[in-house]
1. Give all pairs with beta carbons closer than 6 Å in which a residue from the stretch 32-45 that is more than 13 Å from I21 (Cα to Cα) and free of Cβ contacts under 8 Å to residues at least 12 places away in the same chain meets a residue that is assigned to a loop (DSSP other than H, G, I, E, B) and not hydroxyl-bearing (S, T, Y); count only pairs at least 6 apart in sequence or on separate chains.
2. Restricting to the stretch 314-346, name every residue that is part of a loop (DSSP other than H, G, I, E, B) and within 18 Å of the chain's Cα centre (by Cα).
3. Which one of these is without any contact (Cβ under 8 Å) to a residue 12 or more places away in the chain, within 30 Å of P98 (Cα to Cα), among the hydrophobic types (A, V, I, L, M, F, W, C) and not assigned by TED's automatic domain parsing to the domain that holds R231: A303, A355?
4. Could you tell me whether the stretch 213-223 includes any residue that is modelled with pLDDT of 95 or more, under 20 Å from R118 (Cβ atoms) and in contact with a helix residue (DSSP H, G or I) (Cβ under 7 Å, 6 or more places away or on another chain)?
5. With the requirement that a residue be outside any strand (DSSP E or B), touching a residue at least 60 places away in the same chain (Cβ under 8 Å) and of a type outside the set (F, W, Y), what does the stretch 1-29 give you?
6. Might you check whether a residue that is touching a Ser or Thr at 6+ places or on another chain (Cβ under 8 Å) and in contact (Cβ under 8 Å) with a residue 60 or more places away in the chain occurs anywhere in the stretch 387-407?
7. Do you know which of the residues in the stretch 362-392 that are touching a Leu at 6+ places or on another chain (Cβ under 7 Å) and not in a loop (DSSP other than H, G, I, E, B) is surrounded by the fewest Cβ atoms within 10 Å (Cβ to Cβ)?
8. Scanning for something without any contact (Cβ under 8 Å) to a residue 40 or more places away in the chain, under 26 Å from S131 (Cβ atoms) and hydroxyl-bearing (S, T, Y), does the stretch 240-248 turn up at least one residue?
Amino acid sequence: MSWDTVIGLEIHVQLATKTKIFSGASTAYGAEPNTQACAIDLAMPGTLPVLNKQAVNYAIMFGLAIDAEIGQVSAFERKNYFYPDSPKGYQTTQLERPIVGRGNVEIQLADGSSKNVRIHHAHLEEDAGKSLHEGNFNSNFSGIDLNRAGTPLIEIVSEPDMCNAEEAVAFARKIHGIVTSLGICDGEMSQGSMRFDVNVSVKPSGSETLGIRTETKNLNSYKFMEEAIKREVERQIDVIEDGGTIAQETRLYNGDTKVARSMRSKEEANDYRYFPCPDLLPVVVSDEEVAELRRNLPELPDARQARFVEQYSLSDYDAGILSSDAAMAKYFEAVTSACNNAKLAANWTMGELSARLNNEDISIANSPVSAEQLGGLVTRIADNSISGKMAKEVFEGIWAGEGSADDIIEARGLKQVSDSGALEQMVADVLTANQAMVDDYISTDEAKRKKKLGGFMGKIMQASKGQANPQQVNQILAQKLNDLL
């Protein structure tokens with residue numbers, strides 16, 4: 001039996017305000033536990049929330065970026081539940097009248113096609129604190145850090161328009177690109193700045209009836225999201241085909257251990273006993289305020305991609321990758337400015353650098369190799385000072401903190417030999433010293449001679465200690481051997 005997968009995402013985006021949504025406490029990341037939670041965040045008696053206007057503006061900017069309806073009158077409710085990291089016993093959020101209504105996001109897929117994902121709405125709310133679990137089999141304990149409690153969020157809720165993990169990841173990446181380009185979120189997923197809840201269900205192929213869905217919560221990487229979706233799809237199909245039924249539940253996925261498990265049965269809206277927040281008036285936004293925010297929107301990923309194609313003569317594919325993330329786009333343009341070679345800058349930014357950052361789980365904003373350093377390396381590749389193989393060695397040196405490309409080339413004696421006279425002599429010496437190889441080349445059929453060139457190249461590169469310009473050597477070698485025929 002064949003199955004269709006149906007996926008919807010709820011994306012929690014921490015807004016980059018300096019203070020919390022209802023208090024003046026700092027939102028800075030990395031402070032000592034419970035040093036940034038004030039009386040309002042702790043819901044102490046007699047305290048009243050005051051709405052952070054910048055959080056409202058950031059939410060509206062997101063709505064404008066996805067061409068969504070803007071709720072010019074929105075309201076807050078209390079969502080009641082008890083978790084240890086929620087000291088109020090409720091969350092102040094939006095339900096009936098969110099700040100952002102229906103919108104659309106277009107995603108690009110690996111096969112070159114595009115797809116529209118509908119946004120149901122995006123609402124403002126406050127974040128909870130964080131439970132910290134430590135210990136071992138002999139001693140276990142949990143602690144609560146309330147520094148994050150009250151940090152402003154927008155929760156972006158998609159329609160169930162995605163049908164596989166690739167589309168879900170493409171959508172998540174697009175949202176990341178939009179919010180970081182707007183400057184409303186730093187996008188640091190490892191710090192919890194963006195977290196993904198994935199709703200997954202399966203149904204018989206072609207059926208119009210949706211299956212029972214599960215929600216896997218708090219995924220903070222694209223890799224973990226992809227893994228969690230694929231495992232959950234397989235699990236649901238196995239359960240149904242074995243005669244079982246899917247329980248509507250909330251699940252967790254541990255990306256380190258690759259283990260998924262049930263967390264609790266899935267709540268319905270009435271379980272939360274929503275009611276209007278008595279301490280906050282409805283939020284009224286004027287046409288003039290929306291127009292002013294629209295006028296000041298920064299460049300967004302789609303516009304940036306088009307500019308990269310026109311300004312730097314990149315392919316749509318390369319421009320799409322480089323423009324999708326605001327930090328990567330900024331880095332690429334800085335590399336290009338330093339080396340004046342957009343194509344090589346793009347190749348090294350998307351290739352060697354991105355691969356190493358991914359392997360080390362480091363964001364490009366925290367790259368050990370600065371854009372200026374990579375630009376210096378690309379310059380030495382472009383002017384034939386070093387070969388591609390040498391460039392990788394130099395890159396490793398820069399990554400390790402040994403200095404600029406020029407510093408490392410000088411210290412390691414890696415400068416490529418490109419002097420034609422020196423290379424001519426080097427090739428001649430190798431041919432003289434390897435007469436048997438020359439005789440074999442001459443006696444070989446013309447169709448097979450090309451394969452023999454590798455042996456000569458190896459000898460020449462060995463003689464030059466890897467510093468001969470391979471392109472020039474290849475040309476000189478071919479000419480000298482042809483002259484002997």
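The values are calculated or read from the model by the stated rules, or taken from the named source; none is laboratory data. It should be emphasised that the depicted structure is a prediction, and the values quoted were computed from it without experimental measurement. Every residue, glycine among them, receives a Cβ derived from its backbone with ideal geometry; neighbour counts consider all protein chains shown.
1. none
2. Taking the stretch 314-346 first, the residues part of a loop (DSSP other than H, G, I, E, B) are 314-315, 325, 340-341.
D325, the sole residue that qualifies.
3. A303
4. no
5. Applying the first criterion (outside any strand (DSSP E or B)) to the stretch 1-29 yields 1-2, 15-18, 20-25, 27-29.
Now drop any that are not touching a residue at least 60 places away in the same chain (Cβ under 8 Å), which leaves 1-2, 15-17, 20-23, 25, 27, 29.
Once the filter is applied, which keeps residues that are outside any strand (DSSP E or B), touching a residue at least 60 places away in the same chain (Cβ under 8 Å) and of a type outside the set (F, W, Y), the stretch 1-29 yields M1, S2, L15, A16, T17, K20, I21, S23, A25, T27.
6. We begin by selecting, within the stretch 387-407, every residue touching a Ser or Thr at 6+ places or on another chain (Cβ under 8 Å); these are 398, 405.
With in contact (Cβ under 8 Å) with a residue 60 or more places away in the chain added as a condition, the list becomes none.
No.
7. Residue satisfying both the conditions and the ranking: A382.
8. No, that holds for no residue.
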